[in-house]
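The values are calculated or read from the model by the stated rules, or taken from the named source; none is laboratory data. Just so it is clear, the model here is predicted, and its values are computed rather than measured. Positions of Cβ are generated from backbone atoms using ideal geometry, with glycine treated the same way; all protein chains shown enter the neighbour counts.
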Amino acid sequence: MNLLIKNGRVVDPSQGLDDSLDLLVENGLIKEVGKGLIAPAGVETLDAGGSYVVPGLIDMHVHLRDPGLEYKEDILSGSRAAVAGGFTSIACMPNTKPVIDNKAVAGYIIARAREVGLCNVFPVGSLTAGSGGERLAEMGELKEAGCVAVSDDGKPVCSAELMRRALEYARGMDIPVISHSEELSLVGEGVMNEGFTSTELGLKGIPRVAEDIATARDVMLAEYTNSPIHIAHVSTRGALRIIRNAKLRGVRVTCETAPHYFTLTDDAVRGYNTNARMNPPLREADDVAAVREGLQDGTIDAIATDHAPHHNDEKDVEFNVALNGIIGLETSLPLSLALVEQGVLSISQLIDRMSFRPAHILNLGRGTLAVGAPADITVIDPSVEWVVEADKLASKSKNSPWLGHTMKGVAVATVVGGKLVFKR
């Protein structure tokens, strides 16, 4: 499909672009970016007046539940949710059934995503065999099969020795390690952040130091081995302080956060709202402020959703037994655009953290509108207001703390490989 996108505000941090420009797509690639472009014969035109035209958004932390848990989500429904949210590429975590720890499972995901034909789906392979934390998975096989990173996300690697070896092997294979940093001995039976609210509600708490200690260990191992490491879903001021200081020392560490960590506090749990139960848990106001500061000063490299769909039967239960996680693919963009409206980030900084830097961390060769690049493009209207309604969400699961809330900003068109796969 050939396409001319006209009259939009093109924002591309990879090239320092922020201007009213047209963009021509031919044969799946960016052909030309400039003013006053005229559509060649037979080329469809999309008017992007009043909208941002940006490199396709990239979510580097998604749970698709496929294979094995398709009643929560599958590659088709997850891809539909992704493109509706403006994401052209997503990286799916390995805690499926079976786990993505071999070439066959990784190959199935890639083939099924290609068959669905909506967004780019990049599997993340398991760091250890079966995500069991006892021996390393075959990283070389996983990379050869198309995995873009390795992780035991959902579980920490408890053995420091095993994490050390993982970092050393991964460095030699040039595949990123994504760490779920959590000290389980401090977590115990905790179900929410330890603090005033947990005490008031009578719920067992998880101290923020459980995240801080594990982050410190993994950063120190990365420094010792001179290996890159990416810390997933950062939620505490202590973890951010550790990462910020490590970056100043030249440690090869990157990190991500999710919209719920810069938007909600643990007060959202009041009423025993299971859609506010997640891991890491929602923290206190000081942590939310620290996450916003970390986004502003560049300590946090990426905004990811940690999209974690669960069936209603797994959430409509007592808080103590509800499963952790919320969906996020369709609400991430408006929640993140609020940072621009509030002056926390510029629109260019936001796109950097939602496209260019995730692409760089995972070595995807995307996140840019440079001529010759794959034509993955998101068109965003920041002024549209809409209500989050369960029956209008593309995801199979509806476990969102924002049901019934009004959002501002939306993807009005999503283009993947030059193909218009979503238009609102």
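Summed over segment 248-269, the residues that are farther than 20 Å from Thr197 by Cβ, surrounded by 24 or more Cβ atoms within 10 Å (Cβ to Cβ) and more than 15 Å from the chain's Cα centre (by Cα) give a count of 1. Checking Leu345, Leu362, Leu369 one by one, the residue that is of a type outside the set (Gly, Ala, Ser) and without any contact (Cβ under 8 Å) to a residue 60 or more places away in the chain is Leu345 and no other.
Of the residues making up segment 376-424, just one is without any contact (Cβ under 8 Å) to a residue 40 or more places away in the chain and at positive phi, namely Gly404.
Scanning segment 79-132 for residues that are more than 20 Å from the chain's Cα centre (by Cα) and assigned to a strand (DSSP E or B) yields a single hit, Thr128. Among the residues of segment 176-196, are any assigned to a helix (DSSP H, G or I), in contact with a Gly (Cβ under 9 Å, 6 or more places away or on another chain) and in the same structural domain as Gly328 (by TED's automatic domain parsing)? No. Residues that are touching a helix residue (DSSP H, G or I) at 6+ places or on another chain (Cβ under 6 Å) and closer than 23 Å to Lys419 by Cα within segment 31-73 comprise Val54, Pro55, Leu57, Ile58, Met60, Leu64, listed in sequence order.
Any idea which residue in segment 316-348 is farthest from Ala81 (Cα to Cα), counting only those that are touching a Pro at 6+ places or on another chain (Cβ under 7 Å) and among the aliphatic types (A, V, I, L, M)? Among those that are touching a Pro at 6+ places or on another chain (Cβ under 7 Å) and among the aliphatic types (A, V, I, L, M), it is Leu337. Screening segment 90-126 for residues that are polar (S, T, N, Q) and under 24 Å from Lys398 (Cβ atoms) and picking the one that is surrounded by the fewest Cβ atoms within 10 Å (Cβ to Cβ) gives Asn95.
In segment 146-175, the residues that are of a type in the set (Phe, Trp, Tyr) reach residues that are part of a helix (DSSP H, G or I) and buried (at least 18 other Cβ atoms within 10 Å of the Cβ) with C-beta atoms within less than 6 angstrom, at least six apart or across chains, in these pairs: Tyr169/Met139. Name the residue that is nearest to Asp381 (Cα to Cα), counting only residues in segment 1-35 that are outside any strand (DSSP E or B) and at pLDDT 95 or above. Once the filter is applied, the top-ranked residue is Pro13. Could you list, in sequence order, all residues of segment 177-207 that are touching a His at 6+ places or on another chain (Cβ under 8 Å) and surrounded by fewer than 17 Cβ atoms within 10 Å (Cβ to Cβ)? Within segment 177-207, none qualify.
Among the residues of segment 277-289, those identified as within 19 Å of the chain's Cα centre (by Cα) and surrounded by fewer than 23 Cβ atoms within 10 Å (Cβ to Cβ) are Asn279, Val288.
Are any of the residues in segment 317-326 of a type outside the set (Gly, Ala, Ser), buried (at least 22 other Cβ atoms within 10 Å of the Cβ) and either in contact with a His (Cβ under 6 Å, 6 or more places away or on another chain) or under 25 Å from Cys92 (Cα atoms) (or both)? For segment 317-326, residues of a type outside the set (Gly, Ala, Ser), buried (at least 22 other Cβ atoms within 10 Å of the Cβ) and either in contact with a His (Cβ under 6 Å, 6 or more places away or on another chain) or under 25 Å from Cys92 (Cα atoms) (or both): present. Flag: Asp212 matches the condition of being outside any strand (DSSP E or B) and either surrounded by fewer than 21 Cβ atoms within 10 Å (Cβ to Cβ) or among the hydrophobic types (A, V, I, L, M, F, W, C) (or both). Restricting attention to segment 327-375, which residues are surrounded by 22 or more Cβ atoms within 10 Å (Cβ to Cβ), touching a helix residue (DSSP H, G or I) at 6+ places or on another chain (Cβ under 9 Å) and among the hydroxyl-bearing types (Ser, Thr, Tyr)? Thr331, Ser332, Ser336, Thr368 - these are the residues of segment 327-375 that are surrounded by 22 or more Cβ atoms within 10 Å (Cβ to Cβ), touching a helix residue (DSSP H, G or I) at 6+ places or on another chain (Cβ under 9 Å) and among the hydroxyl-bearing types (Ser, Thr, Tyr). Could you list, in sequence order, all residues of segment 213-234 that are farther than 16 Å from Lys247 by Cβ and in contact with a Ser or Thr (Cβ under 7 Å, 6 or more places away or on another chain)? Within segment 213-234, Ala214, Ala232, His233 meet the criteria. Residue check: is Glu256 closer than 30 Å to Asn320 by Cβ, of a type outside the set (A, V, I, L, M, F, W, C), outside any helix (DSSP H, G or I) and at pLDDT 95 or above? Yes, satisfied. Set side by side, the residues Thr199, Thr236, Thr257, Thr265 differ, and just one is hydroxyl-bearing (Ser, Thr, Tyr) and without any contact (Cβ under 8 Å) to a residue 12 or more places away in the chain, which is Thr199.
Among the residues of segment 314-330, is there at least one that is of a type outside the set (A, V, I, L, M) and at positive phi? Yes: segment 314-330 contains one or more residues that are of a type outside the set (A, V, I, L, M) and at positive phi.
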